[in-house]
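Could you have a look at this structure, given as structure tokens, before my questions?
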Amino acid sequence: MMKKFICLLTIVISLALVSCMGSRMGAMGGTQGGEVTGINGSAVSEPAPYGMVFIQRGSIKVGDEKSDSLWGTETPIKTISVDAFWMDEAEVSNAKYRQFVYWVRDSIIRERLADPAYGGDETFKITEDANGEPINPYLNWKKPIPWKKPTEDELRAIESVYIKNPITGEKMLDASQMNYRYEEYDYTQAALRKNRINPAERNRNTDIPVDNEAIVMISKDTAYIDDEGNIVRETINRPLSSPYDFLNTYIVNIYPDTTCWINDFPNADNETYLKLYFSHPNYDNHPVVGVSWEQANAFCAWRTDYLIKGLGAQAKWIQRYRLPSEAEWEYAARGKEATRFPWEQGDTKSDAGCYYANFKPGEGNYTKDGSLITSRCGIFSANSNGLYDMAGNVAEWTSTVYTEAGVLQMSDINPNLQYRAAIEDPYSMKKKTIRGGSWKDPVRYIQGATRTYEYQNESRSYIGFRCVRSYAGTERRR
């Protein structure tokens, strides 16, 4: 009996030791005992991007049954869910877009200041690293442009981006030179199994023999500037050969089309807006207009690059700026209660007669809401998500291709349908969804569920945009 007691006591003590060791191993991160405990990185707390608000993940029934009976139009209706994202609290203003234009202007000037044809000041371009080893040259943004008291060569470089009206003598920025080049890697196409470089990875059905000679054709967007200074865009089809086949190159003239104020309104005296809307400081905080879908995408690419260079090593986890999908836009616009308008009330004005948005309240009466054309961004109250002007002011580009079926043909999780139409594509394939209505639209178009479109290369005096940025991580449901 004594032997049995001693044996049992030994077993109990051994189990207790194992239990303690197991607890200790857990605290040590699994360095002993063979258990998998995971390799965890440090939590990253993403700071709020400047001028953006956080939209929590959630679901919404997009579309509005009530609008069908009221307007006699069919609106695609579907329950969808979207992940969390950051969104500009207001539309991109003239001042912010002008920063983009001036950055392009200054990059051209710096490039020319380093050019031997304009004096060849090599300090405007960095060609070596700290050890004197050659690197891919890049512009030195720390060296200021000599705006005051430039030399003769420096003055020629600076003046080269300006033109003079031969009739009026007015000096102005040469819009034709304001071209921005950027590259975009297509993660979606690269991830598709049918586009794998290794043929054995293209089909998991082991009953089908691997065809190592099969040729996969890839469409790749590219662009260059010809000898006459014209932007040439091409979509080339070629056999898949490397990851570079998914890297697309774009060159976009990014200066807003200020003539939209004339072309959108025949037989109207809008010359003042043509001359001053984008350049006069009194319009700084008004939404930029005359910007096409292609130009809006270029702004997003530049804004991403500008942020990454500003943050340096801290930018490791930063997601790129982009246009919102149609679903994201409606989800954010309709607020936490998914109301028809961004505000909770069903009417467009308060009991005191104050309008909740800048739109066209009456036939020919644009000023009833206090504005004739656009208004300053954010002068009307924000919706429950903290977003301004999600109805009226300017309609807004989304990243989504416009189809009559809308979200019905998309997934119900983060739905989107994207396609950057090539030059040779039929014009009907270049429709992009716009949302929110504008200062010139009646109440029908400023409802959160109303859909309409414009062509990706068009620019209008009533269409602007705002950016979003995806959020990495999970958030509680709202």
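Based on DSSP H runs of at least 4 residues, each adding -39500 (n - 2.57), what is the mean residue ellipticity at 222 nm of the chain after dividing by all its residues, to the nearest 500 deg cm²/dmol?
-6500 deg cm²/dmol
Tell me the label-point distance for the pair Met429, Thr127, using the 7 Å Cα-to-Cβ offset, in nm and rounded to one decimal.
Result for the modelled spin labels: 4.4 nm.
Follow-up. For segment 299-412, rounded, prolate or oblate, judged on the Cα gyration tensor with a ≥ b ≥ c (square roots of eigenvalues), a/c < 1.5 rounded, else prolate if a/b > b/c?
prolate
Put +1 on the Cβ of every Lys and Arg and -1 on every Asp and Glu Cβ in segment 121-181; which of Asn136, Ile126, Leu155 then has its Cα farthest towards the positive end of the dipole?
Checking the options against the dipole of segment 121-181, the answer is Leu155.
Follow-up. Which entries in the list Lys142/Lys220; Lys96/Lys125; Lys309/Lys431; Lys368/Lys430; Lys171/Lys440; Lys309/Lys430 go over 28 Å, if you measure between the two C-alpha atoms of each?
Lys142/Lys220; Lys309/Lys431; Lys368/Lys430; Lys171/Lys440; Lys309/Lys430
Where the accessible area of the chain is counted over protein heavy atoms with a 1.4 Å probe, how much of it, in %, is carbon and sulfur? Walk me through the numbers on the way to the answer.
On the way: 14140 of 27320 Å².
Ligands and nucleic acids excluded, carbon and sulfur reach 52 percent.
In whole Hz, with x marking every Gly and Pro, tabulate ³J(HN,Hα) for segment 43-51 from phi via Karplus 6.51 cos²θ - 1.76 cosθ + 1.60, θ = phi - 60°.
So the J values, rounded to whole Hz, are 5, 10, 9, 7, x, 5, x, 4, x.
Another one. Quick one: grab Rg to one decimal and Dmax as a whole number for the chain, Cα atoms only, in Å.
Reported Rg and Dmax, both Å: 28.5, 118.
Can you tell me the dipole magnitude for segment 293-387 around its Cα centre, using point charges on the Cβ only (Lys, Arg +1; Asp, Glu -1), in Debye to the nearest 20?
On the way: 12 positive and 11 negative charges, 91 e Å.
I would put it at about 440 debye.
Under a plain spin-label model, where a point goes 7 Å from the Cα along Cα-to-Cβ, how far apart in nm are Asp174 and Glu271?
2.7 nm
Moving on. Post the alpha-carbon centroid distance, segment 257-283 to segment 172-188, in whole angstrom.
If you average the Cα positions of each part, the centres end up 24 Å apart.
Right, something else. Please list, in chain and number order, the residues 5+ apart from Asn358 or on another chain whose amide H is under 5 Å from its amide H, with Hs placed from the backbone.
Asn393
Per residue, what accessible area does the chain have, given a 1.4 Å probe and all protein chains present, in Å²?
Value returned for the chain: 57 Å² of accessible area per residue.
Would you kindly state how much longer the chain becomes between Thr249 and Ile379 on full extension, computed as 0.36 nm times their sequence separation minus their alpha carbon distance, in nm to one decimal? Could you put the intermediate results ahead of the total?
Values: separation 130, 0.36 × 130 = 46.80 nm, distance 3.83 nm.
That pair, Thr249 and Ile379, stretches by 43.0 nm at full extension.
The values are calculated or read from the model by the stated rules, or taken from the named source; none is laboratory data. From a predicted model like this one, the values you see are computed outputs, not experimental measurements. Every residue, glycine as well, gets a Cβ built from its backbone with ideal geometry; the counts of neighbours run over all protein chains shown. Note: accessible area is taken over every heavy atom of the protein model, side chains too, but ligands, DNA and RNA are not part of it. Shrake-Rupley method; radii C 1.70, N 1.55, O 1.52, S 1.80 Å.
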